[in-house]
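Here the structure is laid out as structure tokens; the discussion comes afterwards.
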């Protein structure tokens, strides 16, 4: 229960940060890498340095969160997730939506 309460607080902070602009959001998410790789009609959003190094052309991600049809033009967006960091995919989604002006 305590962990989920922190997740809600952190998610609210991410939403608040996005409301104050993408530049501010990127500053608040220090330590999170960001790279988009398009492969087979899908956009992979990567957030860990080691995954980015391994995935120059073909993304290979162990844990993901998928947003089917959520990108511009109905493209599927696949976000890197991390079982040790509950908010990695949320942070990446917020960055993606700010960069592409996607309605949530």
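Structure summary
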| quantity | calculated |
| --- | --- |
| Every residue from the stretch 57-74 that is touching a strand residue (DSSP E or B) at 6+ places or on another chain (Cβ under 8 Å) and more than 16 Å from residue 89 (Cα to Cα) | 57, 58, 69 |
| Filter result (in contact with a helix residue (DSSP H, G or I) (Cβ under 8 Å, 6 or more places away or on another chain), crowded, with 18+ Cβ neighbours inside 10 Å and not in a strand (DSSP E or B)) within the stretch 60-89 | 61, 71, 81, 87 |
| Qualifying residue in the stretch 29-44 (condition: under 12 Å from the mean Cα position of the chain (by Cα) and either at pLDDT below 85 or at positive phi (or both)) | yes |
| Search result, residues across the stretch 38-59 that are assigned to a loop (DSSP other than H, G, I, E, B) and either loosely packed, with under 11 Cβ neighbours inside 10 Å or in contact with a helix residue (DSSP H, G or I) (Cβ under 9 Å, 6 or more places away or on another chain) (or both) | 40, 41, 47, 48, 56, 57, 58, 59 |
| Single match in 25, 92 (criterion: part of a helix (DSSP H, G or I), at pLDDT 95 or above and surrounded by 16 or more Cβ atoms within 10 Å (Cβ to Cβ)) | 92 |
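The values are calculated or read from the model by the stated rules, or taken from the named source; none is laboratory data. Only a predicted model underlies this, so the values are computations on that prediction, with no experimental measurement involved. Here Cβ is always computed from backbone atoms with ideal geometry, including for glycine, and neighbour counts include all displayed protein chains.
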